[in-house]
Amino acid sequence: AVEEAVRLKEKGVASEIVVVSIGPKACQEQIRTALALGADRGIHIETDEEVQSLEAAKLLKSVVEKEEPKLVILGKQSIDSDNNQTGQMLAALTGMGQGTFASEVVVEGEKVNVTREVDGGLMTV
């Protein structure tokens, strides 16, 4: 997700990359890595509790409401114990569109084309 955001910023599509991590103090290392890759800012929502998918989506919704991004990119693994639920729940909670299993993201004005991996190959939505 961070690498794709950096590519979009290099193309002039994104002006700022904000990374968010939810978890214990050790998550700060992931934020530092993202900053080294090109992210501009990091937000750490610190908790030592295990965060379930819906709770993570609600926490991210609060960040989305405050930061008002035009595009939110979530990693495709480990964001919710590989349940693949947080992104879809966040989209539903915020009323934003979604594209899952993205292998390529192309932003054209207010439109986003997502090429996604499907069983038969690739599909653009």
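The values are calculated or read from the model by the stated rules, or taken from the named source; none is laboratory data. The structure presented is a predicted model; accordingly, all values stated were derived computationally and were not measured. As a convention, Cβ positions derive from the backbone with ideal geometry for all residues, glycine included, and neighbour counts pool all protein chains shown. Please note that ligands, DNA and RNA were not included when accessible areas were found on the heavy atoms of the full protein model with its side chains. Shrake-Rupley method; radii C 1.70, N 1.55, O 1.52, S 1.80 Å.
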If amide H atoms are modeled at 1.01 Å from N in the peptide plane, then the residues at a separation of 5 or more from residue 42, or on another chain, having amide H under 5 Å from its own are 19
Expected unfolding gain across residue 68-residue 18 under the 0.36 nm per residue rule, minus the alpha-carbon gap, is 16.9 nm
Among (i) 39, 29, 25; (ii) 50, 30, 28; (iii) 42, 28, 26, which is the computed Cα extents along the principal axes in Å? (i)
Treating only Lys and Arg (+1) and Asp and Glu (-1) as charged, each at its beta carbon, one finds that the chain has a dipole about its Cα centre, in Debye to the nearest 20, of 300 debye
Going from most exposed to least, what order do 125, 18 have by accessible area with a 1.4 Å probe? 125, 18
